[in-house]
1. Anything in the stretch A:197-216 that is buried (at least 24 other Cβ atoms within 10 Å of the Cβ), within 10 Å of chain B (Cβ to nearest Cβ) and in a loop (DSSP other than H, G, I, E, B)? List them, or say none.
2. Is there a residue being outside the structural domain of B:D17 (by TED's automatic domain parsing), outside any strand (DSSP E or B) and more than 22 Å from A:M140 (Cα to Cα) anywhere in the stretch B:129-136?
3. Which condition breaks for A:L194 when tested against (1) out of contact with any His (no Cβ under 7 Å at 6 or more places or on another chain); (2) within 30 Å of A:R356 (Cβ to Cβ)?
4. Read through the list (1) closer than 25 Å to A:A148 by Cβ; (2) within 7 Å of chain A (Cβ to nearest Cβ); (3) not charged (D, E, K, R), then give the number of the only condition that B:G177 fails.
5. Taking the options A:V350, A:V335, name whichever one is within 14 Å of chain B (Cβ to nearest Cβ), hydrophobic (A, V, I, L, M, F, W, C), within 16 Å of ligand 2 (Cβ to nearest atom) and within 26 Å of A:I183 (Cα to Cα).
6. When you go through (1) without any contact (Cβ under 8 Å) to a residue 40 or more places away in the chain; (2) closer than 21 Å to A:L134 by Cα one by one for A:F31, which number turns out not to apply?
7. Which ones in the stretch B:180-216 are over 30 Å from A:L142 (Cα atoms), surrounded by fewer than 13 Cβ atoms within 10 Å (Cβ to Cβ) and facing chain A (nearest Cβ under 7 Å)?
8. In the stretch A:7-119, which helices (runs of 4 or more DSSP H) lie fully inside it and hold 3 or more residues that are open to solvent by less than 10 Å² (accessible area, probe 1.4 Å)?
Amino acid sequence: MNNSAPAFAAGYINNDGPKLITERFQFEDSFTLERFLNTGGYNGLRKALEKKPSEVHDEVREAVLLGRGGAGFPAGVKWGFCPEGVWPRYLVVNGDESEPGTYKDRLLMERDPHQLIEGCLIACYALGLSQCFLYVRGEMALAQERIANALNEAYEAGYVGRNILGQDFSVDIVLHWGAGAYIVGEETALIESLEGNRGMPRLKPPYFPAAIGLYGQPTIVNNVETLSNIPWIIDNGASAYKEMGSETSPGTRLFAISGHVNRPGVYEVEQGVTTFRDLFYGENFCQGIRNGKELKMFIPGGGSAPWFFEEHLDLPLEARPIGDAGSMLGSGAIVVMDETTDAVKACLRVVRFFARESCGKCSPCREGTTWEEKILRRIYEGDGRPSDIELLLDIGDNISPGPYPVAAFSEQDLEAVPFPPRQTTICPLGPSSVAPITSAIRRFRTEFETLITQRDSIPVSAAPIEVEQ
Amino acid sequence: MAYFTEENLRRAHEIIDSYPRAKSALIPLLHLAQEQNGWITNEAMTHIAELTDVTSAEVLGTGSFYEMFKFHPVGKYLINVCTNISCQLLGGEELLHHAEAALGITDGETTEDGLFTLEDVECIAACTEAPCFTVNYRYFHRADENIFDEVVAELRSGRSPLDKGKQGDSGDIPSHGTLSRIQQHIPIDRKAGITPPEDSKTAPVWMEKNTEEAKS
Ligand SMILES: Cc1cc2nc3c(=O)[nH]c(=O)nc-3n(C[C@H](O)[C@H](O)[C@H](O)COP(=O)(O)O)c2cc1C
Ligand code: SF4
Ligand code: FES
């Protein structure tokens with residue numbers, strides 16, 4: 001078994017499980033057309049072109065391929081939302097990966113760009129999408145290079161562009177790149193950005209850009225990992241795909257496990273059959289918490305996800321049970337924190353992110369996240385006020401009314417509030433900022449209280465300023 | 001007013017031609033302007049406005065939303081240190097403080113010799129390889145103070161430090177503004193054809209296969 005991450009695929013760790021989308025990562029030249037063609041590349045596309053477009057769509061629907069961008073919506077179902085008879089239709093690939101803790105789309109783009117391109121082509125064929133925009137996060141220079149190079153190769157060789165593989169199938173794929181803004185990952189903001197505007201989410205409804213998207217036309221937005229699975233599914237069939245994973249979450253997923261584990265890395269993992277405990281402690285995976293410490297908490301699905309604790313370790317990696325338990329798998333980003341972690345500090349850091357990245361379009365989020373950060377900072381720096389904990393929860397309630405999704409906490413007889421949250425905002429970024437706050441306060445309230453009461457014991461900062469006469 | 005060089009103007013037109021609407025090219029064109037000059041000048045925005053048929057205020061309106069666009073000069077090398085949660089847990093903040101001390105500047109500042117600008121940034125999608133930093137958006141994984149110092153020393157002496165990145169990236173780091181060292185180029189005879197949406201209101205030809213009789 002390959003124990004360490006190969007230098008050329010930084011972070012990827014082969015765990016002996018099925019490899020649907022990382023098979024080529026073992027090759028140093030995995031991103032070249034030559035290697036791709038030598039390892040089954042564009043077979044899925046060939047098979048797709050032998051079928052009717054609707055049959056290809058049926059195969060993807062049948063596979064129950066869940067979106068890997070965060071929301072976990074089945075791709076085949078979303079593909080069906082394009083209104084009949086409205087043309088042209090577009091494909092926009094979401095390669096804006098920026099959710100805290102998430103590292104897998106960059107790897108897929110750097111290491112296997114042709115696989116992604118093949119997935120895009122198959123989607124375009126199935127749905128009659130006439131142009132594809134591959135939106136890569138601005139900060140990912142190498143990914144942009146690898147995709148630009150792969151597209152140049154694929155155009156030359158007749159896999160992209162006019163009359164693909166000599167058939168009546170013509171699609172242009174254009175590399176587009178962003179310029180630094182987390183919110184652009186939200187699909188309607190992605191479209192705004194692609195239209196040359198400030199990347200602010202659009203008002204819903206319509207809930208899916210499949211109805212009204214780029215230039216007001218039907219637009220499918222899919223994540224890089226989602227589309228990277230399509231070639232395998234078409235090449236091997238939906239039933240082979242469903243033999244892996246669980247019934248509601250078939251196949252594999254990439255999980256980036258970071259933080260206080262012995263062997264952090266990106267693993268391709270069969271869904272449903274693997275648990276968090278397997279991931280954190282398994283020999284094939286992270287091999288335990290660093291320095292023999294105890295686990296304090298972990299984020300199961302990126303900065304936006306409510307935190308989990310020791311008692312959630314045996315949950316399977318599968319969307320539904322994790323949603324019921326009060327959180328989400330989100331973007332496959334798991335952040336492990338050991339007992340030495342300061343809960344207030346961690347909470348502040350994640351909230352600072354949302355405060356910085358709020359696009360400012362709606363006030364509960366714009367004002368709310370700013371105040372959340374300020375209040376958390378003063379608590380952390382020892383200037384907190386006794387009312388601050390309630391104030392934080394109150395601000396959260398303005399952004400996301402009602403009980404916020406949180407994980408169960410049996411010691412206090414608290415039950416889980418299932419995901420997803422309610423929101424007063426245009427997009428889920430606002431509610432995401434509430435996740436770390438409710439999680440930390442509910443579980444580690446005394447840490448907040450200690451910091452706040454310490455303030456009273458520091459007379460200097462509490463004393464009124466004396467003005468010299 | 002012409003801002004772009006002849007070669008960049010050619011690239012600008014190629015970029016515009018790859019979108020159904022010219023305004024979609026705004027972000028790539030702003031990057032191109034930044035590549036030419038290291039930052040984005042008023043002249044650049046005026047020229048981009050002309051090319052895409054929008055006002056220069058709209059160009060600024062779009063551009064100012066995005067962190068990567070700089071509307072004032074920055075260093076030849078932009079160093080971004082991630083302090084978000086995964087990196088924070090493994091010393092990202094300490095790395096930032098070291099960088100500040102080593103370069104004698106704080107978040108957002110540029111060294112007097114114009115070589116380095118430092119930023120404290122959000123997650124850059126290298127979380128399992130924490131702590132990490134980038135130089136002109138090229139990654140240095142599993143970094144520590146020594147690696148940081150070595151990278152800075154190499155850059156100061158004009159050598160490429162990319163082999164220290166642990167990412168499989170190689171070659172030189174171009175000056176701030178250049179991202180991809182490779183451009184997409186669609187050969188004219190291979191292009192499927194990019195038209196405004198109002199000019200392509202019919203279903204693509206291959207969709208006719210859906211209504212054809214099943215092959216026997
Ligand atoms: C604030 C916010 C940020 C998001 N960022 C990303 C992202 O970086 N990448 C991504 O693929 N999806 C992101 N999403 C989810 C997208 O809106 C969308 O659901 C997804 O791209 C759809 O693709 P999928 O169905 O294949 O997952 C984000 C959503 C929100 C609300
Ligand atoms: S919730 Fe926040 S990020 Fe989303 S639209 Fe409103 S202000 Fe923008
Ligand atoms: S948290 Fe630093 S790269 Fe993701």
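1. Hit for the stretch A:197-216 is A:G199, nothing else.
2. Let us first name the residues in the stretch B:129-136 that are outside the structural domain of B:D17 (by TED's automatic domain parsing), namely B:129-136.
Next cut, outside any strand (DSSP E or B) only: B:129-132, B:136.
Okay, now just the ones that are also more than 22 Å from A:M140 (Cα to Cα), so none.
Among the residues of the stretch B:129-136, not one is outside the structural domain of B:D17 (by TED's automatic domain parsing), outside any strand (DSSP E or B) and more than 22 Å from A:M140 (Cα to Cα), which makes the answer no.
3. (1)
4. (2)
5. Working: A:V335 fails: within 16 Å of ligand 2 (Cβ to nearest atom).
Only one candidate qualifies: A:V350.
6. (1)
7. Keep residues of the stretch B:180-216 that are over 30 Å from A:L142 (Cα atoms), which gives B:196-216.
Narrowing the set further to residues that are surrounded by fewer than 13 Cβ atoms within 10 Å (Cβ to Cβ) leaves B:196, B:198-199, B:201-202, B:205, B:211-216.
Within the stretch B:180-216, B:K201, B:T202, B:V205 qualify.
8. In the stretch A:7-119, the matching helices (runs of 4 or more DSSP H) lie at A:43-50, A:53-63, A:75-79, A:105-111.
The values are calculated or read from the model by the stated rules, or taken from the named source; none is laboratory data. This one's a predicted model, so the numbers in the text were calculated from it and none came from an experiment. All Cβ positions, glycine included, derive from the backbone under ideal geometry; neighbour counts span all protein chains shown. The accessibility values were calculated without ligands, DNA or RNA, using every heavy atom of the protein model including side chains. Shrake-Rupley method; radii C 1.70, N 1.55, O 1.52, S 1.80 Å.
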